[in-house]
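**Student:** The structure is given below, and queries will be raised subsequently.
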Amino acid sequence: MQLFSKTDIDFISYRKIAYGISLVLVIAGVVSLLFRGLNYGIDFKGGTEVVLRFEQEIAVGDVRQVLRDAGVSGSIKSYGTERSILVQTDFEGDVNQLRTLVSNALNDRFSENPHELLRIDAVGPSIASDLKWAALKALLGAVIAILLYVGIRFEFRFAAASIVAIFHDVFIVLGIFSLLGGVFDVMPLDINQSIIAAFLTIAGYSINDTVVVYDRIRENIRSQKSGDYPKIFNTSLNQTLSRTIITSGTTFLTVLVLFIFAGPAIRGFSFAILIGIVVGTYSSIFIAAPVVLDWQLRSKKPIRLRGSS
Amino acid sequence: MKNKRFTAFLIVALTALALWSLWPTYQEYSYNKQLSRFSSSEDSLAFVQEHRESLDNARAKSLKLGLDLKGGMYLVLEVDLIDLLDQRAWNKDEQFRDILATVKERASDSGARIIDLLAGEFSRQGIRLSRYFYDVRDTDEEVIAKLRDEAEEALSRAREIIRNRVDQYGVAEPQIQVQGARRIIVALPGVSDQERIRKLLRGTAKLEFKLVRDREAMLAGLERINAALEEDVESGSEAGEDTVDVLANPLFEHMTVMENGRVYVPQYSRDYLLSLFQRDDIARLLPKDTEFRMSARTIEGQDGTQFHDLYLLKKTPELTGNVITEAKATFGASAMQPEVTMKMNAEGTSKWARITGANIGRQIAIVLDGAVYSAPVVESKIPGGSSVINGIESLEEAQDLEIVLKAGALPAPVRIIEERTVGPSLGSDYIRSGLLSAGWGLFIVAVFMIFYYRKAGISADLALVLNILFVLSVLAGFGAALTLPGIAGLVLTIGMAVDANVLIFERIREEIGQKKNLRTAVETGYSKAFSAIIDSQITTLGAGFLLYVYGIGPIQGFAVTLMIGTAASLFTALVVTKEIFDLLISKNLLTERSFG
């Protein structure tokens, strides 16, 4: 079977439209980041998180009322299923006190529907701020490492364009997290440690797709020597299209499985990667290589590639 | 041809190695299955005894599950190095305390080294460190180096002591490691009594024997503090303290003084008074070298309020816990109260004999982590080096005291700054949903590959299965734990691992499309796809590596499986599938049509 046999799509001439779409998406994301901000999980703002599960279905509103009366502040919402509740509070004291407070209040009121404390996480403020630094360092480290690696294997312009593509992907996904954060109860889209992992994975995935296209461009530049860059870039994009779509497709499918089956704990994570795969695939075709081409056309310097093919 | 044979041998050998490394996991699984079939506990006990050795062996070498899958506690402890600095400093004054307070504040929201923050603050204020630390002739660099050594030493000693405590408490496969310059990570799978663990880890276990000052001195001290507070209230300088605003007796409102001179503090006032007594201007009102301490245990008043006993103690301890060689939790002879008996070393024994001999008829308080456990009156000289802690609530508490006393005192207090608890039922939910995702992910990708690439797809699927086998066996072989994010990494790897094969197969299709013969098409396909594969896999490996370095705990699990999976896919997708194709071509089982 073959889905994309011998395509001849003129990607390069569509690039200005693609830039426009991307620009709108990124700006929408940035605006939302500025005005709506992100929902930070306890990993990044400190606090305590308790996940409860009742034996039978229960209305969140009732639980919220009971816990409010008992003096538990913070947000109380359902978590994944009709029986699970997530309590997020900035409670800073003894975890044990909170545990007894919650347990006693709920046992008193819902004695016919016993509950179980599935998980309690408490993160102090200093840990939270360290995590923020570690996350920033990791993202920065990824950018530098990619600049170096792609710069050495290809050329500086290729490296810079791939960074543009990565920022494009990360900002669009961040923007979606900001826009949709807290909108769906089943998927709160809090920014926590695993989301940082998702962003690095997206960066790695985006560069992975991009590099395959670059590799083909390099090969074609060497074999053709014509200097008709728009044509070479377009041929390379078409030649790798099948692979790009298929690999993205298989990865998308597996992550979709994760999203559906793996439960609320990594739903936000798999959602980030799902969006990241779509955006990353798009950017490796419409952003990364076209940016290199535009840069080249403007500077008029011939592309001199390093590395072996 | 010889080279070919070597590749085939390598594949077989690696597969065998992987299976061998996963064998104990299978063994444990089948034992557990057999165990769950027994209806009576005698049968299963007999079975366990019969197979003890192989069962233990299988458990030790099988694939470990992370805390999130198994349930348990994950804690991050911070060693209070500020306290250590405070202990080490000489002639402390107001300025020193100000600097420490600044350092403490700045340390609370950053992971920077305390010593660096301290040195920075000193140089900002233009003071030499040697004014407070070590020898006055030391240069700043020397002091910093010494302090840094001491901080490192304190951290590693704290880790050892915590390990001792955990070992004696009895947790299977605990993980205790130092993180950064002042943190210790403690992972305790399967523990259920969280409050007990918290107490066990948090206590400094600093044991001190201190002389109790007479009641008159204590009451006089309290009078002076009360008077000073009254003055504060009148002059209005105490605006922040709303608790003492309008009271006539600002201090005595918080305590009950009995006829016999004993002073009781209600539980709700404990924290306020403890912080009040810490204040410099208050401590100055007490006789030299004395301090207030409260009893660990409370007694119930008539209206049900819990009261602590208040003591005025000589600040310098007569003896400290480092002379203790043995501790044992037992029940006391009278009244069957739980207590802990202690034995001292030779030095401690002779000192203890001298101290008790010199203070017959007076009270000596046994103070653990600042709380008075008991303050018995010395009746006679104690020559044998023995002592008893009583005033303990329960046998459990006595046993925990035994553990912390045996393990020794922490060089500085530790605080719990992060705590994650996973109940066992959540863990089994995670395992079920994780396995379900992995199974579906594998199934979908495998079916797609066969559908899209026909016979070639089958070889890619074989490579994929081998890849998963390698990831699991590396995890088991190196004793790394499988976590929920780890399973997520594995599922993601399933999707990405076929990438190399997709690259190769697409290339081979192109070559076939250019009417090359099959063998040449396969060879060129592999060699031309090679550089793209290397570049793309190295970037993925790089992202995984960064995640591993900067991520903590659960995220590292994700990074590890992603890295192993990517590295293994280089072997399985490049070497294994090539070997299969070569075999098929030589047997004329592969045609141009086999690539779909």
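**Student:** At 222 nm, what helix-only mean residue ellipticity would chain B give, in deg cm²/dmol to the nearest 500, using -39500 (n - 2.57) for each DSSP H run of four or more?
**Tutor:** Values: 19 runs with 337 residues, N = 596.
Roughly -19000 deg cm²/dmol at 222 nm, from the helical runs in chain B.
**Student:** Classify the stretch B:1-117 from the C-alpha gyration tensor, please: rounded if a/c falls under 1.5, else prolate or oblate depending on whether a/b exceeds b/c.
**Tutor:** Numbers: a/c = 4.62, a/b = 1.93, b/c = 2.40.
Judged from the Cα gyration tensor, the stretch B:1-117 comes out oblate (a/c at least 1.5, b/c at or above a/b).
**Student:** Same structure again: Neighbour counts of other C-beta atoms within 10 Å: give me A:Arg298, B:Arg106 arranged from fewest to most.
**Tutor:** Values: A:Arg298 8, B:Arg106 15.
In order of increasing Cβ crowding within 10 Å: A:Arg298, B:Arg106.
**Student:** Using the charge dipole of the stretch A:1-154 (Lys, Arg: +1 at Cβ; Asp, Glu: -1 at Cβ; taken about the Cα centre), state which of A:Ala142, A:Gln56, A:Ser126 has its Cα farthest towards the positive end.
**Tutor:** Comparing the listed Cα positions along the dipole, A:Ala142 ranks first.
**Student:** Could you tell me which residue out of B:Phe581, B:Ala60, B:Ala16 lies farthest along the dipole of chain B toward its positive end? Charges go on the beta carbon: Lys and Arg +1, Asp and Glu -1, centred on the Cα centre.
**Tutor:** Among B:Phe581, B:Ala60, B:Ala16, the one farthest towards the positive end of the dipole of chain B is B:Phe581.
**Student:** Would you work out if the protein assembly as shown is rounded, prolate or oblate? Take a ≥ b ≥ c from the square roots of the eigenvalues of the alpha-carbon gyration tensor; rounded if a/c is under 1.5, else prolate when a/b is larger than b/c, oblate otherwise.
**Tutor:** On the way: a/c = 2.35, a/b = 1.95, b/c = 1.21.
Note, shape of the protein assembly as shown comes out prolate.
**Student:** May I pose another question? Taking amide H atoms as placed 1.01 Å from N in the peptide plane, list the residues 5 or more away in sequence, or in a different chain, whose amide H sits under 5 Å from that of B:Leu319.
**Tutor:** Those lying under 5 Å, H to H, from B:Leu319 are B:Phe209.
**Student:** For the stretch B:208-395, what does the equivalent ellipsoid look like in terms of its semi-axes, each the square root of 5 times an eigenvalue of the Cα gyration tensor, given largest first in whole Å? Mind dumping the intermediate values first?
**Tutor:** Working: eigenvalues 227, 71, 37 Å².
They are 34, 19, 14 Å, listed largest first.
**Student:** When only Cα pairs under 8 Å and 6 or more residues apart are kept, what is the percent relative contact order across chain A? Can you show the working numbers first?
**Tutor:** Details: 419 pairs, mean separation 81.1, N = 309.
Taking the mean separation of contacting Cα pairs over the length of chain A, I get 26 percent.
**Student:** Give me the distance between the Cα centres of the stretch A:98-160 and the stretch B:180-200, rounded to whole Å.
**Tutor:** Each part's Cα centre sits 20 Å from the other's.
**Student:** Moving to a separate point now. Which order do peptides B:303-316, B:413-426 fall in by mean Cβ count within 10 Å, highest first? Intermediate values should be presented prior to the final figure.
**Tutor:** On the way: B:303-316: 17.1, B:413-426: 20.0.
Most protected by this proxy first, the peptides run B:413-426, B:303-316.
**Student:** Run through the stretch B:1-107 and list the chymotrypsin sites (Phe, Trp or Tyr not before Pro) located in a DSSP loop whose Cβ has at most 16 other Cβ atoms within 10 Å.
**Tutor:** Counting only loop positions with at most 16 other Cβ atoms within 10 Å, the chymotrypsin sites (Phe, Trp or Tyr not before Pro) in the stretch B:1-107 are B:Phe38, B:Trp90.
**Student:** Continuing with the same structure: Peptide A:209-221: average number of partner chain Cβ atoms within 10 Å per residue? Don't skip to the end; give the middle numbers.
**Tutor:** Numbers: counts 3, 3, 10, 9, 1, 3, 10, 4, 0, 3, 3, 0, 0.
Per residue, the average neighbour count from other chains is 4.
**Student:** For the stretch A:140-278, take N as its residue count and report Rg(C-alpha) divided by 2.2 N^0.38 Å. If you can, show how the numbers build up before the last one.
**Tutor:** On the way: Rg = 17.1 Å, N = 139, 2.2 N^0.38 = 14.3 Å.
Cα-based Rg divided by the globular estimate yields 1.19.
**Student:** While we're on this one: Normalising by the residue count of chain B, find the relative contact order in percent from Cα pairs under 8 Å and 6+ residues apart. Provide the component values of the computation, followed by the final result.
**Tutor:** Working: 889 pairs, mean separation 104.8, N = 596.
RCO, chain B: 18 percent.
**Student:** When the scattering of chain B is computed by the Debye formula from its Cα atoms alone, each counted once and equally, what is log10 I(q)/I(0) at q = 0.06 Å⁻¹?
**Tutor:** Taking Cα atoms of chain B as identical point scatterers yields -0.52.
**Student:** Sticking with this structure for a sec: For the stretch B:72-202, just list the percent of Cα-Cα distances falling in each 10 Å bin from zero outward, please.
**Tutor:** Calculated P(r), rounded to whole percents: 11, 38, 26, 17, 7, 0.
**Student:** Can I ask one more? Using alpha-carbon positions, what is the distance between the centroids of the stretch B:480-554 and the stretch B:339-373, in Å?
**Tutor:** 69
**Student:** Over the stretch B:423-595, calculate the relative contact order: mean separation of alpha carbon pairs under 8 Å at least 6 apart, over the residue count, as a percent.
**Tutor:** Numbers: 183 pairs, mean separation 56.7, N = 173.
Relative CO of the stretch B:423-595 lands at 33 percent.
**Student:** Once the Cα atoms of the stretch B:423-595 are picked out, what are the Rg and Dmax in Å?
**Tutor:** 17.5, 62
**Student:** To the nearest 0.05, what FRET efficiency results for B:Ala220 and B:Asn91 with a Förster distance of 30 Å applied to their C-beta separation?
**Tutor:** Values: r = 28 Å, r/R0 = 0.93.
According to the calculation, E is roughly 0.60.
**Student:** Dipole size in debye (nearest 20) for chain A around its Cα centre, Lys and Arg Cβ +1, Asp and Glu Cβ -1?
**Tutor:** 1980
**Student:** Okay, next question. Starting from the Cα-Cα distance between B:Phe252 and B:Thr316, subtract it from 0.36 nm times their residue separation and give me the gain in nm to one decimal.
**Tutor:** Values: separation 64, 0.36 × 64 = 23.04 nm, distance 2.67 nm.
Stretched out fully, the B:Phe252 to B:Thr316 stretch lengthens by 20.4 nm.
**Student:** Sort A:Ser162, A:Ser103 so that the residue with the fewest other Cβ atoms within 10 Å of its own Cβ comes first and the one with the most comes last. Intermediate values should be presented prior to the final figure.
**Tutor:** Details: A:Ser162 33, A:Ser103 15.
Least crowded to most crowded, the residues run A:Ser103, A:Ser162.
**Student:** Please say if the stretch A:93-160 is rounded, prolate or oblate, where rounded means a/c under 1.5 for a ≥ b ≥ c the square roots of the C-alpha gyration tensor eigenvalues, and otherwise the choice is prolate for a/b larger than b/c and oblate otherwise?
**Tutor:** Numbers: a/c = 8.08, a/b = 3.47, b/c = 2.33.
Verdict is prolate for the stretch A:93-160.
**Student:** Among the chymotrypsin sites (Phe, Trp or Tyr not before Pro) in the stretch A:1-40, which ones are in a DSSP loop with at most 10 other Cβ atoms within 10 Å of the Cβ? Mind listing them?
**Tutor:** Here no loop site has a sparse enough neighbourhood.
**Student:** Among B:Phe292, B:Ser380, B:Asn249, pick out the residue whose Cα is farthest towards the positive end of the charge dipole of the stretch B:208-395, where Lys and Arg carry +1 and Asp and Glu carry -1 on C-beta, about the Cα centre.
**Tutor:** Sorting the options by dipole projection puts first B:Ser380.
**Student:** Follow-up. What's the angle, to the nearest 10 degrees (0 to 90), between helix A:289-299's Cα axis and the longest principal axis of chain A?
**Tutor:** Approximately 50 degrees, to the nearest ten.
**Student:** Are there trypsin sites (Lys or Arg not before Pro) in the stretch B:460-515 that DSSP marks as loop and that have at most 10 other Cβ atoms within 10 Å, and which are they? The partial results should precede the final answer.
**Tutor:** Numbers: sites: B:Arg507, B:Arg509, B:Lys515; in loops: B:Lys515.
The qualifying sites are B:Lys515.
**Student:** Report, to the nearest 10°, how far helix B:518-550 tilts away from the longest principal axis of the Cα atoms in chain B, using its own Cα long axis and a range of 0 to 90°.
**Tutor:** 10
**Student:** Could I ask something else about it? Given bins 20 angstrom wide, list per bin the percent of all Cα-Cα distances in chain A, short to long.
**Tutor:** 29, 46, 21, 5, 0
**Student:** To the nearest whole number, what is the average tally of beta carbon atoms from other chains within 10 Å of the beta carbons of peptide B:180-186? Provide the component values of the computation, followed by the final result.
**Tutor:** Values: counts 1, 0, 1, 3, 0, 0, 0.
For this peptide, the per-residue mean of nearby foreign Cβ atoms is 1.
**Student:** May I ask for the angle, rounded to the nearest 10°, between helix A:15-35 and the longest principal axis of chain A, with both axes built from Cα atoms and the value confined to 0 to 90°?
**Tutor:** Between the helix axis and the principal axis of chain A, the angle is about 30 degrees.
**Student:** Given a Förster radius of 56 Å and the C-beta distance between B:Asp280 and B:Ser527 as r, what FRET efficiency does 1/(1 + (r/R0)^6) yield to the nearest 0.05? Each step should come with its number before you reach the end.
**Tutor:** Details: r = 78 Å, r/R0 = 1.39.
Taking R0 as 56 Å, the efficiency between B:Asp280 and B:Ser527 is 0.10.
**Student:** Further question: Determine the dipole magnitude for the protein assembly as shown: charges of +1 sit on the beta-carbon of Lys and Arg, -1 on that of Asp and Glu, nothing else is charged, the reference point is the Cα centre, and the result goes in debye to the nearest 20.
**Tutor:** Computed charge dipole of the protein assembly as shown: roughly 5320 debye.
**Student:** Per-residue Cβ counts within 10 Å, from other chains only, averaged over B:189-202: what number is that? Walk me through the numbers before you get to the answer.
**Tutor:** On the way: counts 0, 0, 0, 0, 0, 5, 5, 0, 0, 3, 1, 0, 0, 0.
The per-residue average across the peptide is 1.
**Student:** Now for a different question. Which residues in the stretch A:49-72 have a backbone N closer than 13 Å to a point placed 7 Å from the Cα of B:Arg432 along the Cα-to-Cβ line?
**Tutor:** Counting only backbone N, you get no residues.
**Student:** Here's something else I'd like to know. Calculate the dipole size of the stretch B:1-62 relative to its Cα centre from +1 charges on Lys and Arg beta carbons and -1 charges on Asp and Glu beta carbons; express the result in debye to the nearest 20. Don't jump to the answer; show the numbers that get you there.
**Tutor:** Values: 8 positive and 6 negative charges, 138 e Å.
In total the dipole reaches around 660 debye.
Laboratory data are not the source of any read-out in this text; all were calculated from the coordinates shown. A quick note: this is a predicted structure, and the numbers were derived from the prediction, not measured. Backbone-built Cβ (ideal geometry, glycine too); neighbour counts: all protein chains shown.
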